[in-house]
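The values are calculated or read from the model by the stated rules, or taken from the named source; none is laboratory data. For clarity, every value in this text was computed on a predicted model and none was experimentally measured. Note that we place each Cβ from the backbone using ideal geometry, even for glycine, and neighbour counts take in every protein chain shown. Only protein heavy atoms, including side chains, enter the accessible area calculation; ligands, DNA and RNA are left aside. Shrake-Rupley method; radii C 1.70, N 1.55, O 1.52, S 1.80 Å.
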Amino acid sequence: YWDGAQRRRFETILPPNSNVSYRMYVNSFTGDWQEGLKQVFQKRFLYDLDDFDYSMYQREDLQWIRKSYAMHLMMAWDADFYDRERERFTIFDFQQRNKEWFGGDDVIGIWPTWPTLGLDQRNQWDLFRDLPGGLEQLASISDSLNRLGTKFFISYNPWDESTRLEGHLEGMTALIKATKADGVVLDTKGSSSLEIQQAADLAKPGVVMYSEGMAVPKDMPGIVSGRVHNALYYPPLLNLNKLIKPDFAIFRVAELAYDRIRREYATSFFNGYGTELNIFRPGRPEWMEEDYRFFGKTLRILRENHSNFISFGYTPLIPTLSDGVFVNKWPSEKKIIYTIFSLKPEGFLGNLFEVEKPASDWHYVDLWNHEEVQVQESKGK
């Protein structure tokens, strides 16, 4: 609760005569400090919920998003979607290039609305209908992308209230049905609702809601995927949202129009989740291919070891023998994956972290370089 305080993202400022009060929760636990985090995040859901409704996560038709790690969101007037001079769709050339560079997208979403929405009386659904070829063409694109192993997303702007009146839920159902869309980007929302999901379900099964913001625990039962903005820059670059619900599909935003984004890909990889390449802003830098190919190396490991990266046995920041090098542990029944993030530009050589003594049928592999690793024994460890 706050009165007169300025509530910021990373701080709360208290001017004279203002106040803020906090409700504190205390739990006891045994074991390493990560067990305390799991009590708070996984069992107590940050004290947002008494019980978690798992029905959305048990729906088999929505589970495909958990295995998705690469997404592009683009404006509908992007030259990589449609060449207006030659009047041809270029989205398939774009996806073929992406397959060569990083293994291809799991999801491609288009955005034909903001910032043009409101320039005339057309509503958001009208702007989809007015794209070249209309909704029938979008349905054909969706079918073709599906055959390439890629899902097709549309967008929804809940703030579209002052253009031509058309029911939002009815409009969404009709648009999903007409375009054969596989998902919906929920602009400005960190949550979905039963009504929104039902509107999608009326059109076809398996349509995923994807929130612009990260859902807080009280909203997680109603949505299975969402994004985290590219705002996590403080070491150790750990995103504890992953700890709340490891099978919630997270995508970290990366934007080509800014600086080199290799670190964005590495941060997603370290945290065991996907990346949304947001290419709304103009600009295709010369280093793009080089960083995309780096992205592809992370994607191969994420995709081949998917079951590890949704494991509830995930342990963040296991102890290391070197400051500035961070390690996450992702166990499953038959293997353990470790993701390593180093802030040492000079590199590191030496013993780094303790592992279980290998059984005779175990071996250790550097998945990044595809080389066998020799385990060193030191002081009985």
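Annotations for the structure displayed:
- Of all the numbered requirements in (1) within 25 Å of the chain's Cα centre (by Cα); (2) surrounded by fewer than 16 Cβ atoms within 10 Å (Cβ to Cβ); (3) within 29 Å of Leu175 (Cβ to Cβ), Arg9 misses one, and that requirement is (3).
- Any hit, the range 38-55, residues being among the hydroxyl-bearing types (Ser, Thr, Tyr) and either over 22 Å from Lys242 (Cβ atoms) or in contact with a strand residue (DSSP E or B) (Cβ under 8 Å, 6 or more places away or on another chain) (or both): no
- Only a single item in (1) open to solvent by 10 Å² or more (accessible area, probe 1.4 Å); (2) within 16 Å of the chain's Cα centre (by Cα); (3) farther than 28 Å from Arg44 by Cα is not met by Phe153, and it is number (1).
- Residue in the range 258-266 that is buried (at least 16 other Cβ atoms within 10 Å of the Cβ), among the acidic types (Asp, Glu) and within 30 Å of Pro132 (Cα to Cα) present: no
- From the list Ser211, Ser225, the one residue that fits, being of a type in the set (Gly, Ala, Ser), in contact with a Lys or Arg (Cβ under 6 Å, 6 or more places away or on another chain) and closer than 14 Å to Ala249 by Cα, is Ser211.
- Scanning the range 57-77 for residues that are open to solvent by 20 Å² or more (accessible area, probe 1.4 Å) and either under 21 Å from the mean Cα position of the chain (by Cα) or of a type in the set (D, E, K, R) (or both) returns Gln58, Arg59, Glu60, Asp61, Gln63, Trp64, Arg66, Lys67.
- In the range 313-381, counting only strands (runs of 3 or more DSSP E) that sit wholly within it, the ones holding 3 or more residues that are within 24 Å of the chain's Cα centre (by Cα) span 325-331, 336-342.
- Each residue in the range 109-152 was checked for being among the basic types (Lys, Arg) and in contact with a strand residue (DSSP E or B) (Cβ under 9 Å, 6 or more places away or on another chain), and 1 pass.
- There is at least one residue in the range 281-295 that is assigned to a loop (DSSP other than H, G, I, E, B), among the basic types (Lys, Arg) and without any contact (Cβ under 8 Å) to a residue 40 or more places away in the chain.
- Meets criteria (farther than 20 Å from Gly272 by Cα, of a type outside the set (D, E, K, R) and in contact with a helix residue (DSSP H, G or I) (Cβ under 7 Å, 6 or more places away or on another chain)) for Leu14: no
- Listed by first and then second residue, the pairs linking a residue in the range 18-39 that is farther than 30 Å from Asn328 by Cα to a residue that is of a type in the set (Ser, Thr, Tyr), with Cβ atoms under 8 Å apart and 6 or more places separating them unless they lie on different chains, are Val20/Tyr1; Val20/Thr12; Ser21/Tyr1.
- In summary, Gly104 fulfils each of the numbered conditions (1) of a type in the set (Gly, Ala, Ser); (2) farther than 21 Å from Glu212 by Cα; (3) assigned to a loop (DSSP other than H, G, I, E, B); (4) open to solvent by 20 Å² or more (accessible area, probe 1.4 Å) with the single exception of condition (4).
- Enumeration of residues in the range 176-211 that are in a helix (DSSP H, G or I) and open to solvent by 50 Å² or more (accessible area, probe 1.4 Å): Lys177, Leu194, Glu195, Gln198, Asp201
- Residue in the range 49-56 that is exposed (fewer than 14 other Cβ atoms within 10 Å of the Cβ), of a type outside the set (A, V, I, L, M) and without any contact (Cβ under 8 Å) to a residue 40 or more places away in the chain present: yes
- Filtered residues of the range 12-46 (kept if open to solvent by 60 Å² or more (accessible area, probe 1.4 Å) and part of a helix (DSSP H, G or I)): Trp33, Glu35, Lys43, Leu46
- Close pairs from the range 78-89: first under 17 Å from Ser142 (Cα atoms), partner open to solvent by less than 40 Å² (accessible area, probe 1.4 Å) and among the aliphatic types (A, V, I, L, M), Cβ under 6 Å, at least 6 apart: Phe81/Met74; Phe81/Ile91
- In the range 212-230, residue nearest to Glu276 (Cα to Cα) [restricted to those that are in contact (Cβ under 8 Å) with a residue 60 or more places away in the chain and in a loop (DSSP other than H, G, I, E, B)]: Val224
- Test: residue in the range 316-334 that is touching a helix residue (DSSP H, G or I) at 6+ places or on another chain (Cβ under 6 Å), under 19 Å from Leu240 (Cα atoms) and open to solvent by 10 Å² or more (accessible area, probe 1.4 Å): no
- Some residue of the range 208-224 being farther than 30 Å from Glu170 by Cα and among the polar types (S, T, N, Q): no
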